[in-house]
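Asker: Attaching a single structure in structure tokens format; questions to follow.
The values are calculated or read from the model by the stated rules, or taken from the named source; none is laboratory data. As the structure is a prediction and not an experimental result, all values here were calculated from the model. Every residue, glycine among them, receives a Cβ derived from its backbone with ideal geometry; neighbour counts consider all protein chains shown. Calculation scope for accessible area: heavy atoms of the full protein, side chains included, ligands and nucleic acids excluded. Shrake-Rupley method; radii C 1.70, N 1.55, O 1.52, S 1.80 Å.
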Amino acid sequence: MKILNIHGYKGSAENSACLVLKELGHDVISPQIDYDAENPEKILDELKNIFTKNKPDYIVGTSLGGFFALLLSVEFKAVRYNSYLKKKEKCSYPTILVNPCLLPFVTLPELGYEKNIKEFIGLFGKFTNIYGDVYAIIGGQDEVIDYHDFTIQLIGKRHYMLVPNGKHSGATLNLDECFRRLF
């Protein structure tokens, strides 16, 4: 499978998710993003271009990368067959969020982000009609994000996996096992 992987704030394109996905045999597109150098709208535009050019099967986003992954998921809808309604319907693009930072305007200032966070607030407003194939892997001991209950409410209670002893780092989340269950 071809997967677009988006790393977190001050992270690396070769993050834990990327390495595990490659070990599992996936074709991974993982751009290096300098979140401090670019404004959020420009980052989103660059990610849209990467998405359009590569047409991945899935999007994976870790921490702040999860914010951008979810934006792409609602922007690039997928079509799936609803067997209950017996018709095709649009849904969120298949996406896996790893300890997502969906409220960056709350979290980033605590992590030393010095740019204006207002653009994140505007982008947050695009999180509407999240329906379908959006899942989250959440560390039960995440020391960075303390609002995962909000994430669960946003994406749906059936769409998350809790790793009880997992922390914020993907290296603590048994990602290989989680990804095998989700793909």
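Asker: Hey, K157 hits all of (1) over 22 Å from L72 (Cα atoms); (2) free of Cβ contacts under 8 Å to residues at least 12 places away in the same chain; (3) not aromatic (F, W, Y) but one; which does it fall short on?
Answerer: K157 satisfies all of (1) over 22 Å from L72 (Cα atoms); (2) free of Cβ contacts under 8 Å to residues at least 12 places away in the same chain; (3) not aromatic (F, W, Y) except (1).
Asker: Can you tell which of N49, N5, N54 is more than 18 Å from I121 (Cβ to Cβ), open to solvent by 10 Å² or more (accessible area, probe 1.4 Å) and either touching a strand residue (DSSP E or B) at 6+ places or on another chain (Cβ under 8 Å) or not polar (S, T, N, Q) (or both)?
Answerer: None of the others qualify; the one that does is N54.
Asker: Sort through L154, L97 and tell me the only one that's assigned to a strand (DSSP E or B), touching a Phe, Trp or Tyr at 6+ places or on another chain (Cβ under 8 Å) and either more than 25 Å from Y58 (Cβ to Cβ) or not basic (K, R) (or both).
Answerer: L97
Asker: Go through region 114-132 residue by residue and tally those that are surrounded by 12 or more Cβ atoms within 10 Å (Cβ to Cβ), out of contact with any strand residue (DSSP E or B) (no Cβ under 9 Å at 6 or more places or on another chain) and more than 14 Å from F68 (Cα to Cα).
Answerer: Residues meeting the conditions: 2.
Asker: List every residue pair whose Cβ atoms lie under 8 Å apart, where the two residues are 6 or more positions apart in sequence or sit on different chains, the first residue falls within region 91-106 and is crowded, with 21+ Cβ neighbours inside 10 Å and modelled with pLDDT under 95, and the second residue, located anywhere, is assigned to a loop (DSSP other than H, G, I, E, B) and aromatic (F, W, Y).
Answerer: So the pair list comes out as S92/Y131; Y93/F76.
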